[in-house]
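Report on one structure; see the data block that follows.
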Amino acid sequence: MVTVRVPAKVNVQLGVGGVRPDGYHDLANVFFAVALGDQVTATPGTGVTLSCDGPDAAAVPLDDSNLAARAARLLAARHGLAEPGVHLHIDKAIPVAGGMAGGSADGAAALLACDALWGLDTPLPVLLELAAELGSDVPFALLGGVALGRGRGELLEPLPVAGTFHWVFAVADGGLSTPAVFRECDRLREESGLGSSIDQVPTPDADPALLAALADGDPVALAAALANDLQAAAVSLRPSLADTLHAGTEAGALAALVSGSGPTCAFLAKDADAAAHIAAALRASGTCRTAHPTHGPVPGARVVHTSA
């Protein structure tokens with residue numbers, strides 16, 4: 001049995017370029033790993049089977065559409081294993097379809113757990129290659145920390161960061177489809193007259209002020225630089241998110257933004273006490289299902305338990 005813990009992420013900057021001919025967008029995506037995370041436990045089994053516990057367990061698919069199952073099959077295929085045998089149990093704390101890359105995190109955790117369970121010793125560069133095949137956010141879940149993602153987000157450059165930053169995540173009822181949010185972003189750009197294609201939207205790049213704030217460990221400066229080009233689209237599809245963002249700011253958050261494609265909202269706090277206060281205020285506000293204080297950055301997927 002092998003148990004892997006894997007973090008959620010928040011995008012402290014999500015710059016979205018124009019839509020490419022292949023339908024994707026070039027990104028300048030500054031990933032930040034937080035302590036809120038899932039655990040995936042791999043045990044010997046027949047075929048690839050899944051189970052899940054947690055508040056959102058009912059929304060987690062238990063078939064081959066789950067990235068954890070796909071990760072196990074992909075790893076087995078890379079090593080020529082004719083019939084992979086594993087049962088993957090997901091202890092789910094990351095919100096489902098919440099813009100925090102929970103499915104991607106589980107895919108990364110399954111890669112690492114199956115690799116250890118099957119004694120494959122796959123080098124990290126190969127695991128990262130497999131992770132990129134699974135999805136744009138999966139490689140970062142393996143690495144953790146803070147990193148700039150380019151391309152679709154899968155080309156990672158680790159970034160220097162000092163100290164610990166404190167966050168609160170407000171969880172909405174229901175999810176948002178990431179493709180739908182990108183389509184809405186394109187639609188809003190077209191509606192505004194800016195256009196949405198790669199020859200109309202500048203290629204995004206990391207904000208130097210944001211990178212400096214991370215390197216300096218300065219939460220006030222980071223708050224001023226937080227940015228998400230998908231936020232307007234997420235709020236357009238889910239207008240109630242504006243109330244959540246307002247409630248967190250009223251409770252003392254240094255900054256508020258939609259996490260990734262949403263609908264989870266992220267709030268930067270000045271310290272752990274402030275984060276606890278903001279989380280309590282959000283839970284009492286009626287604008288979200290629940291709220292979790294946490295911190296980061298933290299490492300990526302890692303084995304936390306093994307047994308025969």
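Have a look at Ala206, Ala251, Ala224 and point out the one that is in contact with a His (Cβ under 7 Å, 6 or more places away or on another chain) and on the phi < 0 side of the Ramachandran plot. Explain how you work it out, then say what you get.
On the way: Ala206 fails: in contact with a His (Cβ under 7 Å, 6 or more places away or on another chain); Ala224 fails: in contact with a His (Cβ under 7 Å, 6 or more places away or on another chain).
Unique residue meeting the criteria: Ala251.
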Would you check if Leu14 is assigned by TED's automatic domain parsing to the domain that holds Leu155, in contact with a strand residue (DSSP E or B) (Cβ under 6 Å, 6 or more places away or on another chain) and in a strand (DSSP E or B)? yes
Condition test on Ala116, is it within 18 Å of Arg5 (Cα to Cα), in contact (Cβ under 8 Å) with a residue 60 or more places away in the chain and in contact with a Lys or Arg (Cβ under 9 Å, 6 or more places away or on another chain)? no
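Among Gly18, Gly37, which is within 21 Å of the chain's Cα centre (by Cα), on the phi < 0 side of the Ramachandran plot and touching a residue at least 12 places away in the same chain (Cβ under 8 Å)? Break it down into steps so the answer makes sense when it comes.
Working: Gly18 fails: within 21 Å of the chain's Cα centre (by Cα).
Only one candidate passes the filter, namely Gly37.
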Give the residues of the stretch 107-148 that are within 19 Å of His89 (Cβ to Cβ) and outside any helix (DSSP H, G or I), sorted by residue number. Trp118
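From the list Leu268, Leu241, Leu226, Leu214, exactly one residue is at pLDDT 95 or above, under 30 Å from Pro21 (Cα atoms) and either under 20 Å from the mean Cα position of the chain (by Cα) or not assigned by TED's automatic domain parsing to the domain that holds Ala113 (or both). Which is it? Full working, then the answer.
Details: Leu268 fails: under 30 Å from Pro21 (Cα atoms); Leu241 fails: under 30 Å from Pro21 (Cα atoms); Leu214 fails: under 30 Å from Pro21 (Cα atoms).
Answer to the check: Leu226.
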Restricting attention to the stretch 92-139, which residues are in contact with a Gly (Cβ under 8 Å, 6 or more places away or on another chain), of a type in the set (A, V, I, L, M, F, W, C) and surrounded by fewer than 24 Cβ atoms within 10 Å (Cβ to Cβ)? Ala93, Val96, Ala97, Leu134
Given the conditions (1) under 18 Å from Val96 (Cα atoms); (2) in contact with an Asp or Glu (Cβ under 9 Å, 6 or more places away or on another chain), every one holds for Thr264 apart from (2)
Given (1) out of contact with any Ser or Thr (no Cβ under 7 Å at 6 or more places or on another chain); (2) within 23 Å of Ala58 (Cβ to Cβ); (3) of a type outside the set (A, V, I, L, M), number of the condition Ser136 does not satisfy: (2)
Only one of these conditions is not met by Ala68: (1) assigned to a helix (DSSP H, G or I); (2) free of Cβ contacts under 8 Å to residues at least 12 places away in the same chain. Which number is it? (2)
Determine which single condition Ala251 fails, assuming it passes every other condition in (1) in contact with a strand residue (DSSP E or B) (Cβ under 9 Å, 6 or more places away or on another chain); (2) in contact (Cβ under 8 Å) with a residue 60 or more places away in the chain. (2)
When the stretch 227-268 is examined, which residues are found to be buried (at least 22 other Cβ atoms within 10 Å of the Cβ), assigned to a loop (DSSP other than H, G, I, E, B) and among the hydroxyl-bearing types (Ser, Thr, Tyr)? Ser259, Ser261, Thr264
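Out of Val181, Val168, Val161, report the one residue that is assigned to a helix (DSSP H, G or I) and buried (at least 20 other Cβ atoms within 10 Å of the Cβ).
Numbers: Val168 fails: assigned to a helix (DSSP H, G or I); Val161 fails: assigned to a helix (DSSP H, G or I).
None of the other options fit; the residue is Val181.
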Six or more apart or on different chains, Cβ atoms under 7 Å: show the pairs whose first residue is in the stretch 76-105 and assigned to a strand (DSSP E or B) and of a type in the set (Lys, Arg) and whose second is surrounded by 24 or more Cβ atoms within 10 Å (Cβ to Cβ) and at pLDDT 90 or above. none
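Within 21 Å of Val126 (Cα to Cα), without any contact (Cβ under 8 Å) to a residue 60 or more places away in the chain, assigned by TED's automatic domain parsing to the domain that holds Val126 and among the small types (Gly, Ala, Ser): is that true of Ala42 in this structure? Step through it out loud before you land on a result.
Working: within 21 Å of Val126 (Cα to Cα): yes; without any contact (Cβ under 8 Å) to a residue 60 or more places away in the chain: no; assigned by TED's automatic domain parsing to the domain that holds Val126: yes; among the small types (Gly, Ala, Ser): yes.
For Ala42, the condition - within 21 Å of Val126 (Cα to Cα), without any contact (Cβ under 8 Å) to a residue 60 or more places away in the chain, assigned by TED's automatic domain parsing to the domain that holds Val126 and among the small types (Gly, Ala, Ser) - is not met.
The values are calculated or read from the model by the stated rules, or taken from the named source; none is laboratory data. Just so you know, these numbers come straight off a predicted model, no measurement behind them. Note: ideal-geometry Cβ built from the backbone for every residue, glycine included; neighbour counts use all protein chains shown.
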